[in-house]
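Below is one structure; the comments refer to it alone.
The values are calculated or read from the model by the stated rules, or taken from the named source; none is laboratory data. Since this is a predicted model, take the numbers as computed values, not measurements. With ideal geometry, Cβ positions are generated from the backbone for all residues, glycine too; neighbour counts draw on all protein chains shown.
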Ligand code: FAQ
């Protein structure tokens, strides 16, 4: 078959909801898009451990420390599943990490904001994991098999994370006046960056149209952002907190809320590397990579020794 026929057959398999597996034929651009998206997603999980890791030593109780530790470890696990899924496409993990460490690879804009108070840990769980779930539920049905299967487990864990964050917000919002102020302040600072997690508006999104055609993405950035706003507003009302958007208004016709426009200039600036914590995040990842070098070398030496023994036997 020539490339045109192969592409036609490939699209027919996608349209018939068949999963594409690593050894199947796929267009180069499909492979490239998946490597891009899955590796950005993996990097986001790993870099995403840093803002929360910041509070492990300062969690206000043993219970909250244990829960936060478990959550941060889950994020590490998500990163590992996703790097493995990316590797099935023929890219090497070392290469992906190298691209992250030299600032070439992207990761989610949200993790370039600081976690200033304990209420921020609540806001991250509630809003950031909430936005992650809104975006990732569709990825459980993405067309590439290994990515879809990884996402099923990830989504289950993200639901627990979202509840962990909401529980913190509930304690703070029902606490002292000072705690309420902290909760509102965290919501004020995390609301707009959370909306930016879904990516640029559809009219500016370079990848959405093709990704939807290939069923890598099943909904557009704007559709998912709308779902997130509709779902989160009643949660904020229940907490007695106010979403910092004067344009939020129920729209009976679309059966959803109208809302204001995120500062897209800020978004593009953050993804270019100029957010409040970009440098700090990359420095931390490079340092961790360097400090872990001896562990990787030791485990490889052990592995090589073991496989040499096996060969002799
Ligand atoms: N940040 O054409 P589109 C989590 C880039 S995991 C940075 O619309 P696409 C768990 C985009 O890459 C959070 N860059 O792109 C957790 C593209 O640039 P490129 C991560 C962004 O791929 C919680 C350009 O802009 N989730 O939170 C962002 O179709 C708590 C044009 O954009 C995922 O990665 C952004 N926000 O749609 C962990 C989910 N948005 O690559 C710890 C999987 C866009 O052409 C603690 N990814 N860009 O140079 C996706 O669903 C998609 O990749 C989107 C973007 C929706 C993020």
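Brief remarks on what is shown
- Of note, residue 160 satisfies the criterion of being farther than 30 Å from residue 9 by Cβ and at pLDDT below 95.
- From the list 52, 45, the lone residue that is within 15 Å of the chain's Cα centre (by Cα), farther than 23 Å from residue 138 by Cα and either crowded, with 19+ Cβ neighbours inside 10 Å or near the ligand (Cβ under 9 Å from one of its atoms) (or both) is 52.
- Failed condition for residue 131, given (1) within 10 Å of the ligand (Cβ to nearest atom); (2) more than 20 Å from residue 238 (Cβ to Cβ): (2)
- Pairs are defined by a Cβ separation below 7 Å, a sequence spacing of at least 6 or placement on different chains, a first member in segment 5-25 that is more than 16 Å from residue 216 (Cα to Cα), and a second member that is not in a helix (DSSP H, G or I); the pairs so defined are 6/25.
- Wholly within segment 220-313, helices (runs of 4 or more DSSP H) carrying at least 3 residues that are surrounded by fewer than 17 Cβ atoms within 10 Å (Cβ to Cβ) and modelled with pLDDT of 95 or more: 221-239, 264-269, 278-291
- When each of 143, 108 is tested for being closer than 30 Å to residue 24 by Cβ, more than 12 Å from the ligand (Cβ to nearest atom) and either crowded, with 20+ Cβ neighbours inside 10 Å or under 12 Å from the mean Cα position of the chain (by Cα) (or both), the lone residue that passes is 143.
- Considering segment 66-76, and only residues there that are surrounded by 14 or more Cβ atoms within 10 Å (Cβ to Cβ) and without any contact (Cβ under 8 Å) to a residue 60 or more places away in the chain, the residue that is nearest to the ligand (Cβ to nearest atom) turns out to be 75.
- In the set (1) free of Cβ contacts under 8 Å to residues at least 60 places away in the same chain; (2) surrounded by fewer than 13 Cβ atoms within 10 Å (Cβ to Cβ); (3) more than 16 Å from the ligand (Cβ to nearest atom), the condition left unmet by residue 93 is number (2).
- Unique match (being in contact (Cβ under 8 Å) with a residue 24 or more places away in the chain and either within 12 Å of the ligand (Cβ to nearest atom) or in contact with a helix residue (DSSP H, G or I) (Cβ under 6 Å, 6 or more places away or on another chain) (or both)) among 184, 235, 210: 210
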